[in-house]
Each structure stands twice: as C-alpha cells, then as structure tokens.
1. Using θ = phi - 60° and the Karplus curve 6.51 cos²θ - 1.76 cosθ + 1.60, what whole-Hz ³J(HN,Hα) does each residue of segment A:542-559 get, with Gly and Pro shown as x?
2. Give the shape of chain A as rounded, prolate or oblate, defined through the alpha-carbon gyration tensor: a ≥ b ≥ c are the square roots of its eigenvalues, a/c under 1.5 means rounded, and otherwise the shape is prolate if a/b is larger than b/c and oblate if not.
3. For helix B:171-185, what angle does its Cα long axis make with the longest principal axis of chain B, in degrees from 0 to 90 and rounded to 10?
4. From Cα coordinates alone, what are the radius of gyration and Dmax values for chain B in angstrom?
5. Enter the angle in degrees (range 0 to 90, nearest 10) between the Cα long axis of helix B:305-332 and the first principal axis of the Cα atoms of chain B, meaning the one along which they spread out most.
6. Once phi is turned into θ = phi - 60°, what whole-Hz ³J(HN,Hα) does the Karplus curve with 6.51, -1.76 and 1.60 give for every residue of segment A:110-119, x standing for Gly and Pro?
7. Taking neighbour counts of Cβ atoms within 10 Å as a proxy for exposure, in what order, fewest first, do B:TRP289, B:TRP200, B:TRP167 appear?
8. Under a 5 Å amide H to amide H cut-off, with H placed in plane at 1.01 Å, what residues pair with A:LYS441 once short-range neighbours are removed?
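Every read-out reported here was derived from the displayed coordinates using simple, explicitly stated rules and does not represent laboratory data. Note that the structure is a prediction, hence the values are computed from the model and not measured. Glycine gets a Cβ as well: all are built from the backbone with ideal geometry, and neighbour counts include every protein chain shown.
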Amino acid sequence: MSRSTRLSTRRSALVAATAALALSAAACSSSDDGSASGPTSSSSGSGSSAFRPEHKGGTLRMVAHAAAGSLDPQVNYTLQYWQLYQSMYDGLLAFKKTGGQQSFTVVPDLATAMPKVTNSGKTYTFTLRKGIKFSNGKALTTDDVVASFQRIFKVSSPTAGTFYNGIVGADACIKKPADCTLDKGVVGDASAGTVTVNLTAADPEFPYKLAVPHASVVPKGSPAKDAGTKPLPTTGPYMAASYDPNRALKLVRNPHFKEWSREGQPQGYPDKIDYTFGQTVESEVTAVQNGQADWMYDPPPADRLNEIGTKYASQAHVNPLTAFWYLTLNVNSAPFDNKLARQAINWAVDREAVVRLYGGKNLASPACTILPPGFPGHVDSCDYTKGGGKTWSAPDLAKAKELVKKSGTAGQEVGIVVQDDEVNKSIGQYLQSLLTQLGYKATLKPLSGNIQFTYIQNTKNKVQLALTSWYQDYPAASDFLNVLLSCASFHPGSDSSINISGFCDKGIDARMRTALKTGQTDQKSADQQWGTIDQDIMKESPVVPVINPKIIDFTSKRVGNYRFSKQFYMLVGQLWVK
Amino acid sequence: MSRAVAPLPTTEARRSPGPWRTAVADLSCNRPATAAAVVLLIVVVVCLCAPLYADHIAHTDPFQSHVSGTTVVDGKTVPVLTPSSTGLGLGVTPIGPTWDTAHYFLGSDNQGRDVMARLLYGGRTSLFIGVTAALLTVVIGTAVGVLAGYAGGAVDAVISRILDVIWAFPVYLLAICLSVVLLTDGLRLGPLTVDAGSLWLPVVIIAAIYVPYVARPLRGQVLVLRNKEFIQAAIGSGAPALRVMRREVLPNVVPTAIVFLPLMTALAMLTESALSFLSVGVQPPDASWGTIIEDGLGLLYTRPAVTIAPGLLIALTTVALNVLGDGVRDALDPSARLRGGV
C-alpha cells in the first residue's frame with residue numbers, strides 16, 4: 001500500500017494482488033520481547049506489559065494536516081486510520097498489539113483461539129468469545145460476524161476482490177454486492193458460537209487478511225454502504241463520539257469494553273483521544289514542542305528535523321519500516337524497453353544522495369532489493385553497486401554512461417513523474433539532473449499526491465519513469481513481489497495497474513506461483529524462493545529500489561509508554577498522558 | 001495623462017528641442033528615477049554576467065545537483081549538504097553563506113547547488129520574462145486599444161467584451177489556470193508553437209493576461225483623440241483608416257504606452273515569480289527568482305538566505321521599475337505631474 005494515499009490508491013494496489021493462489025497458513029515468528037519504552041528515541045517498546053492503572057486517564061491530543069476520509073473500517077484504506085482502528089475495531093484475529101517483530105504475529109481477537117484449519121487448508125473454524133458488547137450496548141453474536149463478511153462486499157471494500165475473493169460465494173458477491181449472502185462461504189452457528197469460513201483454495205495468508213481492519217466486525221444492522229463520517233459501533237476500547245473531517249475526530253472510551261485479551265485488544269490509557277485536522281506541518285511541530293499537541297501524524301518538515309533530533313531528542317521515536325521507495329521504469333516504452341538503459345539507471349542512482357534528500361541516514365537507508373531488510377524472503381544482495389558487494393556502497397556513473405551509450409538511447413526524452421511534496425520533488429530534481437548527465441533529455445512532472453499514484457499506473461499516460469513507494473499490507477514476500485511485479489498485476493489502460501513498470505516475465509511468474517504453493521507446506525523454503533526471485537527480477541531491472549524509509553514519531557514531553565507495532569505503527573491507545 | 005501632439009510647423013520644430021528630447025532631459029533631472037535606472041542597470045549587467053561567475057569564479061554548474069558534493073571552507077573540505085551529527089542525527093542542512101565568491105558565496109540549496117550562481121541565472125530568466133512579456137503586452141495592448149477606439153461600433157464592442165472577460169478573472173487565477181493547462185502539452189495555436197518547458201510559455205501567458213490593463217486605457221485615450229480636429233482633418237482629407245491610425249493616432253498614444261512599459265515589466269516579474277513559486281511558471285532545472293524562493297521554502301528555518309536573497313532582488317527590481325515608471329510618466333506627461341502637484 002502507499003502510505004499517504006487513500007482508498008482508491010490502495011484498492012488499485014490490491015486489485016493487482018488478485019492471486020487466488022493456493023497458500024498455506026503461516027504466522028510470523030517472534031524473536032524479540034523487551035519492554036515498553038518511555039519517551040526515548042529509536043525505540044519500539046516491544047513486549048506486552050501489565051496494565052498500569054496509575055497512568056489511566058487524560059486526553060491524548062493528536063494533530064494532522066488532513067483527515068483521511070471515511071471512518072468506515074471496512075472502507076477506509078489509509079495507514080492514518082488503520083492505526084486508529086487498532087483501538088476501536090476488532091476482527092476474529094488481530095495483529096498482536098505490541099512492539100517489535102512480535103507485532104507481525106497474528107493472535108486471536110474476537111475468536112477464543114486461532115482457527116481450526118481443516119479440509120486441506122480450505123476451512124477455518126472460529127469460536128466466538130462470549131460476553132463482548134458493541135459500544136451501542138448490543139451483544140456480539142455470530143450473526144454480526146457473518147453480516148460483517150457480507151458487508152465487505154456490500155460496501156465494495158477496497159480489498160473485497162483481492163483479500164476476500166477466495167471465500168466461497170465471493171464471486172457472486174463481487175458481481176452483485178447488494179445480494180451478497182456468502183451462504184456457503186461464511187456460516188455462523190449461534191448455538192455453538194462458531195463461525196466457519198470456507199475458501200475455494202487454501203490461502204496461507206488468510207489469517208493476515210482477517211487481521212486487517214477491512215475484516216472488522218460491526219453490528220449486523222450496519223448500513224450496506226460507506227458509513228462515511230457516521231461512526232459505526234465499535235468493540236474495542238474506544239469509540240468515535242464525533243467526526244468532522246474538516247475539523248476533528250473525537251474518540252471516547254467504549255463504556256461496554258472489558259479487556260478480553262491483552263495481546264489482541266488491550267485496554268487503552270487515555271480517557272479521550274482528540275484528533276485535530278487542518279494545521280500546517282510546521283505548526284504541528286510547534287504545537288508538539290509547546291505541549292499543545294501530544295503527537296503529529298505527518299512527517300516533520302526537513303528544516304525542523306535537526307531541531308527535533310537535538311533539542312527534542314527525547315521526544316522523537318525513529319523506527320524502520322518494512323517499505324521501500326523505488327523508481328518504476330516502463331519496460332514497454334522507450335528508452336526503458338531496453339534492458340541496458342534500465343540497468344544504467346540502477347547503476348547511476350546515488351542511493352546515498354536520495355537518503356540525504358529524505359532526511360539523512362538515520363531516517364532512511366540505501367536499498368538494493370525489492371524486499372526490505374528484515375522482511376520474509378529478504379536476502380542481502382546488490383547487483384548495482386560500485387566494486388560489487390552484498391549491500392549498496394556507491395553508484396558507478398561511468399558504467400551507467402557506458403550502458404546508455406551501448407543501448408543507443410542517449411538523447412531520448414524521459415519524463416519523470418513524482419509527487420509534488422518537498423521530499424519527492426527534491427528527489428525528482430536530483431533524478432532529472434542525473435538523467436541529464438547520462439545524456440537523456442529529462443523533464444520533471446510533479447503531480448499532487450492525490451492523483452500521482454493512479455496517474456503513474458495508467459499506461460495511457462505513457463509514464464516512462466516514476467518515483468513511488470510501497471508499504472507492506474502484511475508480512476509476506478508476495479505482498480511485494482507478486483503484487484508489484486507479476487503479470488496479473490499489469491492492467492494496461494487502467495488506473496489500477498500496480499505493476500507500474502509493466503514488467504511481465506512468464507518464467508518469473510511461474511516461479512512466483514511455485515513459491516506461493518511451497519508456502520502452503522514449507523514457509524522457510526518458500527521465503528528462500530522469494531529471495532531468489534527478488535534477485536532475478538533485479539537483474540532485469542524493471543525497478544530501481546532507492547531507499548528503505550524510517551518513520552519518526554514526534555510526541556510531546558508528557559507522553560509515555562511509546563510502543564511501535566511494525567504492522568500498524570505507534571499504538572495510539574497505549575500512550576500515557578498521565 | 002493623454003497629450004495631443006499636433007504636427008508642428010517645420011520652423012517651430014527647428015527651434016524646439018522636441019517632446020522626446022524634453023522628456024529625456026526631464027527624466028535625467030529626476031533623481032529618484034535616475035537612481036532607479038542605475039540600480040536596474042547594475043542588476044541587468046550583474047545578471048548578464050552569470051555564466052562568467054559560474055564558469056570562472058565559482059566553477060559550478062548551477063543546474064546540476066551536487067547532493068553528495070563537497071566544497072572548501074577555511075581550507076577544509078566539507079560536504080555541501082551536511083547530515084546532522086548531534087542528537088539523533090536527523091536532517092541534512094545545506095551549507096550556509098561562506099562569503100567566498102569561489103565557494104558557495106550565498107550557500108547552497110537542498111540540491112547542493114550554488115545559490116549565488118542560481119540567483120544570477122535566475123535574474124536573467126526573471127528579467128527576460130518580465131521585459132519580454134511587458135513588451136508583448138504593450139505592443140498587443142496598444143494595437144488592440146487603438147483599433148477598438150478608432151474603429152468604434154461593432155469592432156469596439158467585440159474587442160471590449162473580450163477584454164472585459166479577461167479582466168473579469170482574477171489575474172493570478174487566470175495565469176495559474178493557463179499555466180497548469182499549457183504545462184502539460186505546451187501551446188499549439190496555429191503557427192505559434194511553444195514547448196511545455198520553454199521560457200516562452202510564461203511569457204505568452206503573462207503577456208496575454210495583462211493585455212486589458214494596457215488596451216483599455218489606450219482605447220479610452222483614442223476615443224478622445226478621434227474627435228480632435230487634426231484627426232477629423234486627416235479623415236476629412238480622405239486618408240485611409242490604417243494610415244490615420246498609424247500616422248495620427250499612434251504617435252499620440254505611444255508616450256502612454258511607453259509609460260506602461262516599466263510598470264508592466266514590474267508586474268510581469270512579480271507574476272512570473274508567483275507562478276514559479278507555485279511550480280507553474282519556470283520549470284526545473286531552469287531557475288528564476290521565483291523558483292529559488294520555492295527551493296528555499298523548505299529551508300526557512302535553517303538557511304533563510306536561499307529565500308531572502310531572491311526575495312530582496314525581486315523587491316529591489318520591481319521598486320526600481322516602478323520608480324522609473326513614475327519618472328517616465330512625469331517626463332512624458334508634464335500635465336500629470338502638474339495635476340499631482342509634484
């Protein structure tokens with residue numbers, strides 16, 4: 001998914017992931033524990049500690065430049081609100097609400113335990129917890145669960161056709177959402193308190209898909225359309241009291257919430273969470289510095305970073321993300337239909353320079369592979385670094401110029417499409433300068449972030465080179481390689497063609513299918529296969545990985561118990577303001 | 001400020017220095033206007049020397065990124081963009097002014113480019129666009145104003161309504177709209193073709209939006225002139241309309257048009273800066289004072305010089321142009337000076 005983009009963007013990403021491929025259950029391994037962090041830097045605060053009642057209470061004040069659209073958890077597809085939903089909504093499963101690598105672990109949430117998987121991985125049976133109530137006082141039942149699965153299709157959730165299209169009956173639901181029943185796909189047994197989900201084929205990534213907000217359980221009577229600014233009742237510790245996208249979102253405690261699983265849905269600390277919109281990023285920084293706000297959503301502007309890192313170091317939290325920024329090279333049009341020209345760009349791009357433009361080495365690191373470091377399947381390797389090596393060290397401009405000469409593409413026009421924010425634009429200017437050095441006639445086209453991501457996907461716009469980024473939906477190598485570079489993800493003429501380079505290699509595609517199949521029985525072996533696929537794709541050079549970004553959370557002095565989930569970022573409800 | 005210039009008898013012409021010479025003499029006696037002209041001359045000459053400065057003094061390419069580049073300060077080699085080494089080590093700060101003409105005199109922008117060199121090249125661009133757009137505006141505005149005022153009737157009605165429509169739009173809104181549209185594919189208007197990244201694109205846009213500002217006052221002036229005896233005499237003598245406009249009307253509106261020139265140049269420069277600041281004017285890697293201000297926007301807290309320097313130059317140049325414009329007006333239209341009590 002793209003971090004800053006909204007519903008349409010992420011939908012497009014996942015249409016590409018249509019892989020209704022056979023998969024096997026897999027959960028992330030956990031390797032770290034540790035303790036919660038106070039207001040310290042570069043920490044993730046992993047581990048789930050006991051509730052500290054002395055810190056309960058107060059109002060957490062958050063600020064953002066803009067709201068993120070609909071508050072409907074089955075519709076909204078932005079990191080901004082997915083982060084909030086962790087303290088509001090629940091699904092049958094959830095990503096563990098903790099810091100560090102363990103936050104990739106899927107744990108039972110509304111279900112009493114992990115599902116019983118039968119029928120060769122095609123049937124998942126869940127037992128629903130008893131005694132859980134929605135914020136409107138209504139008890140949670142199996143009917144609500146079944147209705148919520150139906151609602152995914154009725155509201156045309158962005159991931160309905162991708163994450164959940166493997167449920168039996170999903171095809172009919174996609175064709176006629178209003179008549180969706182999933183009668184054989186999702187079956188509730190009220191007396192036994194169980195819900196059975198039947199898939200058309202085994203899907204090892206299905207537990208991940210059940211742990212994201214689109215699989216949240218909402219009351220049966222919820223409208224079969226986007227709830228928009230009208231909040232739906234929640235099961236988590238907080239509920240929305242009011243929401244005006246132009247002004248603020250106010251969360252208060254769900255009076256009916258009782259903690260059932262500290263891992264799945266822990267009790268929150270603040271009594272209220274006020275999320276205010278409309279400030280400039282500069283004023284957000286000042287507000288946090290002055291203690292008028294407790295946290296800012298937007299990345300701090302470049303000219304305030306040094307100040308934050310020195311004067312306010314104890315309030316800054318820097319964490320690496322499983323994401324990468326990359327250049328897409330259109331393999332179907334000149335000059336990048338020529339492999340040598342594509343490789344030339346990979347050799348030429350100074351990743352260190354891009355790191356500097358992003359904010360320095362403590363906010364990003366050079367990338368040479370598609371899978372980010374620490375991600376399943378990642379293998380250190382770098383085909384395009386001066387002098388060779390497994391990690392990137394320096395560009396080789398001489399070699400790049402030689403390749404451009406060999407390719408016979410020098411002198412051709414290349415349009416660079418970037419988003420028009422400060423960081424993207426400055427990287428774009430650098431690329432324009434670099435391509436001019438290589439002998440191309442480069443022009444820069446900065447577009448608003450609202451449209452750039454869809455614009456660069458549509459082949460009608462004849463985009464030759466674009467700067468974009470990809471942030472994981474869930475921790476699986478296929479979420480990068482299969483989604484971004486498979487033949488199935490390339491849809492010419494559509495705004496939903498997340499394979500922006502238009503790369504389609506039948507051999508590599510077959511190997512991706514094999515890796516997915518292997519994952520059904522042997523995830524370790526599958527990850528090894530993904531690692532090799534990553535390296536082989538890079539040999540073809542359809543993309544240029546440039547950096548792996550980090551995120552900076554800037555909190556006020558009074559904030560404590562900072563925890564960073566690798567899956568959904570800072571755990572909002574776990575912050576102390578008392 | 002109109003002034004009817006009737007053809008003088010030959011003998012009179014020999015005795016009098018003539019209106020143009022008088023105007024130049026008046027202008028040279030106007031101290032503020034003279035000072036403004038000197039300031040403008042300095043700015044123009046310095047900006048014209050941009051390649052000299054970049055190639056032979058600073059030894060830098062102001063259009064190329066030097067993100068990983070180094071320079072020499074006090075004999076030490078330092079990175080042009082310095083990563084923070086204190087605290088959490090967040091952020092990268094471009095080198096500030098060194099006051100050494102050979103090494104980043106005014107510091108660097110976020111691409112590691114020499115701000116001083118870009119300022120000079122930017123000045124060339126801003127002045128080129130300002131002057132060319134103003135010239136185009138004045139020429140087109142004068143032609144349109146004279147035609148509408150002299151022809152009258154349906155021709156005047158059509159031209160006036162078109163001018164009204166252009167005038168009805170807020171200037172900057174119209175300029176931004178035109179720029180956004182034309183920046184995609186450039187301008188294709190019959191034989192007129194301007195590429196999207198060309199400097200002529202902002203020139204054409206700015207010239208077009210300011211035409212009513214020149215054409216309408218001149219049209220009013222021509223409406224008055226048309227009823228003057230010497231025009232009526234020319235018409236009565238059977239002179240063709242085009243000849244009357246060229247020989248009788250035009251010479252009488254040219255002083256007004258000339259007064260417009262420096263004022264329109266200032267306006268055009270300000271508009272260009274605004275458009276470039278909004279990314280819809282001059283396109284990278286070309287520089288103008290507006291684009292340099294935009295480049296400096298993200299460095300306001302750490303390197304304000306990147307924004308302040310072009311801002312000051314814009315202010316200085318436009319103030320000088322306005323003062324000069326006032327002087328030209330006073331010189332060409334003494335009655336206006338008398339009316340203003342100067």
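1. Running phi through 6.51 cos²θ - 1.76 cosθ + 1.60 with θ = phi - 60° gives x, 9, 10, x, 10, 9, 9, x, 10, 10, 10, 9, 9, 10, 6, 4, 7, 6 Hz.
2. Judged from the Cα gyration tensor, chain A comes out oblate (a/c at least 1.5, b/c at or above a/b).
3. The angle comes out at about 70 degrees.
4. Looking at chain B, its Cα Rg and Dmax stand at 24.4, 88 Å.
5. 20 degrees
6. Each residue of segment A:110-119 in turn: 6, 7, 6, 8, 4, x, 8, 9, 10, 6 Hz.
7. Numbers: B:TRP289 28, B:TRP200 19, B:TRP167 16.
Ranking B:TRP289, B:TRP200, B:TRP167 by Cβ neighbours within 10 Å, fewest first, gives B:TRP167, B:TRP200, B:TRP289.
8. A:GLY411, A:GLN412, A:GLU413, A:VAL414
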